[in-house]
1. Using θ = phi - 60° and the Karplus form 6.51 cos²θ - 1.76 cosθ + 1.60, what ³J(HN,Hα) does each residue of segment A:278-285 get, whole Hz, x for Gly and Pro?
2. Between segment B:89-117 and segment B:260-286, how many Å separate their Cα centres?
3. In what order do A:Ser220, B:Ser303, A:Ser203 fall by count of nearby beta-carbon atoms within 10 Å, going from fewest to most?
4. If you stretched the chain out fully between A:Val122 and A:Thr189, how much longer would it get, using 0.36 nm times the residue separation minus the C-alpha to C-alpha distance?
5. So if we plug the beta-carbon distance of B:Glu265 and A:Asn286 into 1/(1 + (r/R0)^6) with R0 = 51 Å, what FRET efficiency do we get, rounded to 0.05?
6. Can you list residues from other chains, or at least 5 along the same chain, whose modelled amide H is less than 5 Å from the amide H of B:Ile260?
7. For segment B:56-302, what is the convex hull volume of the alpha-carbon atoms per residue, in Å³?
8. Would you mind checking which residues have amide H under 5 Å from B:Arg55's amide H? H placed 1.01 Å from N; only 5 or more apart, or other chain.
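Read-outs throughout are calculated quantities, based only on the coordinates presented, and are distinct from any laboratory measurement. Please read all numbers here as calculations on a predicted model, not as lab measurements. Please note: Cβ atoms are built from the backbone with ideal geometry, for glycine as well, and neighbour counts cover all protein chains shown.
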Amino acid sequence: MASVWAIQYHFVPLQPSIRIRVTKHGIPSSVVQFTYGNRLNTKRKFLCRAINASMGPSEELPQPTVDQAVKTDNDDAVTKKFHRIINSLPPSVAFLTKRHAGINFAIGFCIAIACFVVAVRVYVWRKAMYSHPGSVADLVRRGQLRSDRRGISRPLNYEDPFNNPLVKVDKGNSTVEICGKVYRLAPVTLTKEEQAIHQKRRSRAYQWKRPTIFLKDGDSIPPDVDPDAVRWIPANHPFATTASDIDENLAQNNVYQKHGVPFRIKAEHEALQKKLEALQNEQKLNKLVIDSSNAKDFERSFKLNSKSWETVEQSNFDNQEANSKPRKPDHAPNSFGSSSSSEKERA
Amino acid sequence: MVSLSFIHSSNTLKHSLYSFTPNNKTLKPPKPKTTKIQSLLPYNRKPQLSGETPRVVVITSGKGGVGKTTTTANVGLSLARFGFSVVAIDADVGLRNLDLLLGLENRVNYTVVEVLNGDCRLDQALVRDRRWSKFELLCISKPRSKLSLGFGGKSLVWVVDALKSRQEGPPDFVLIDCPAGIDAGFITAITPANEAVLVTTPDITSLRDADRVTGLLESDGIRDIKMMVNRVRTDMIKGEDMMSVLDVQEMLGLALLGVIPEDSEVIRSTNRGHPLVLNQPPTLAGLAFEQAAWRLVEEDSMSAVLLEEQPKKRGFFSFFGGNLITKRHAKVYGY
C-alpha cells in the first residue's frame, strides 16, 4: 500500500486548473487550485497568497464560495477516477517509468542533439550548394582558378570509372547498379566472322576515292587526272574555296615554325619599317627645303608676286640647298614656282 | 548457338575480363592473367596506353546532332584526367562548337588558318585548358574565314606532324572532331587519322548514315573503327520503341566502345561550358564517357551491354545504407 501511495504521489497529474472568479466587488482575481495532496496544496496556497499579496493591501483574498466548493468536489471525483486508471496499469510499466525517468530524460536529450546535428548538416550542405557568386570557391568551381595550386582547397580526386562506389556488379554478374539504378546485363554477340561479312558488304556498296583535285563549277578537268579524284565545289559554298592565297610551301613552313616571329607578322613589320624609313627620308629632305629664312623669302615673294621676279631669284640664289631649285628649270619661274611655294605654305 | 569473342589487339594489356557461358547466360570472371599492371595512382589504377603515340582518332558520325562534339569534349577531358596529354582539334571549318562545349570560346584568338597564313605560330594557336593542363584545343578556322580545300587535308597532316615534333613532346592523343556530312570537311578531318570513333544514335536514319561513313572510312584506309551509341533510353528499349544496342551492333557490325544513356545533364553542361565528366558526383552519362575513354586508351571494346532498368531489390540490411553487392571491375560492361 505504501508503494501504491508513492505511485499515486508521483502520478498525480500536473493539471493546475486556473479559474477566474469575479468577486462580489467586481474585481477579477485569479484562484489557482492544485489537485495535489494536502501538503502540496498548502504550499501552493501559500505561494498564491504571496503572489496575490502584490495586488495591494486594499484587496482581499477571495473567499471560497459555494460554487467553488461544488467544483472542488468534482475535481476530487476526477482525481479518484484517475487513480483508479493508474492502479489498473501493469506494475512493470509503472516500475520502469519510475525507475528510468532519468534515462528517458537522457534519451530525449540525445534525440534533441541528433536533430540539432541533422539541422546543422543540412544548413551547411545548403550553404555549400548555394555559395555566394564571386567567392573564391566559386572561381575554383568555374575553373578560373586552379584548385591544385591553392593551399586551401582539396585537390580533385580522380575516381576509377569501373572500380567506383557508384558502379556495383552483383554476384551473379547479371545486373549492375550504377548511380543508384539497377540494369540487367546482356552479352555482346558480334563475332569476327560477322564483322568480316559487314566489311565486305560495305566495300561492295561504297566505292570511294579520296579527291586530289578540287575544281569550281565550270572548270575543265585536266587531261591527266582521274575523274574519280575530282571534287566539284559549288560556286556559292560559304566556307569552301579552291583558290589559295598563300603558297603551299610557305604554309607548310609556317605550320612547322616553332620559334621566332610568324611569317606574316614579320613581313608586315618589315614593310612598316621600310615605309617609316622612307617617310623619315622624305621628312629630312622636307626639313632641308623649308628654312625659316627661306620661308620668309617665299612669303615676301608671294606677297610681291606681281612685282618683280628679280627679288625671288635673289632669295633663291642665296639659298643654294633649296628644294625648289630643281623644280625651277622644269616650270615657269614666275607663276608656278610661287604657286608651288604658296601651296607648301598652305599645306 | 551463342558465342562471344573479344576483339584483341597485339599491344593490349588486359586484366581480368569476363567470359560468357552459354548455359546460364551469365558472366563469370575468368582466371586472372599473370600480366601485372603498375598502379601509378595511390588508390586508383591508371589505364595502360596501348598503340603507337600519338594516337590520332577522328570522331565522326555522318548525321549531325548525334553527339560528336559532346563525345570529343568529354572523352578528351577524361583522357586528360587519366594523365594523358590530349590535343582536340575542331575540324569544322564553318561551324565551330567544341570551344563552346569546353567553355573556352573567349580564349580562341588564333586558328589553323592564321597559322597557315603566318599570323601566328602553332603553339600560339593552341588553347590550354586551365582546369586540366594536359588538355589543349585547336580550332581550324573562325566562323567567317574560308579554308582552301586544296590543302585542307594536307594542312591537318602538317599540324599533326608538327605536334609530334614539338618541344614538350608529342601528345598522347589527337582527337579530331569531324563535321557532319561526307563532303570536303569530312575528307579534311579524316586525312591524318589512324583510327575512328563512330558516334550514332539508335534510330534508323543515323544508322544508315553511320553505315555509309564506315564504308568511306574503310575505303580511305582506316580499319580500326569503333562505335559509340549515344542517347540510349532503356525505358524505350524495354517498350520496344527503340532499337537496342545489340540491334545496332547487328546492323553495323562494329565493335562497341561505349553506350551513353540519355541524360538531361548533357544539355546543362553544354550551356554552362562545363563538360559532363567534371561533375561531382558523376552522372550516369559522365561515367559512361569515362569508361569509354578507358577502353579507348587500352584499345578495348565492350563485351556486355545494359538492357533495361530493373527495380532495385532492397535487402534486410538496406535500411542501414549500402548493400551486400560487392564491387568489381566492370570494365567490359555497358556502364
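1. The phi angles translate into 4, 5, 5, 4, 5, 5, 4, 5 Hz.
2. One Cα centre to the other: 22 Å.
3. On the way: A:Ser220 6, B:Ser303 24, A:Ser203 12.
Neighbour counts put them in this order, fewest first: A:Ser220, A:Ser203, B:Ser303.
4. Stretched out fully, the A:Val122 to A:Thr189 stretch lengthens by 19.3 nm.
5. 0.15
6. For B:Ile260, the qualifying residues are B:Val229, B:Asn230, B:Arg231, B:Val232.
7. 118
8. Placed amide hydrogens put B:Phe173, B:Val174 under 5 Å from B:Arg55.
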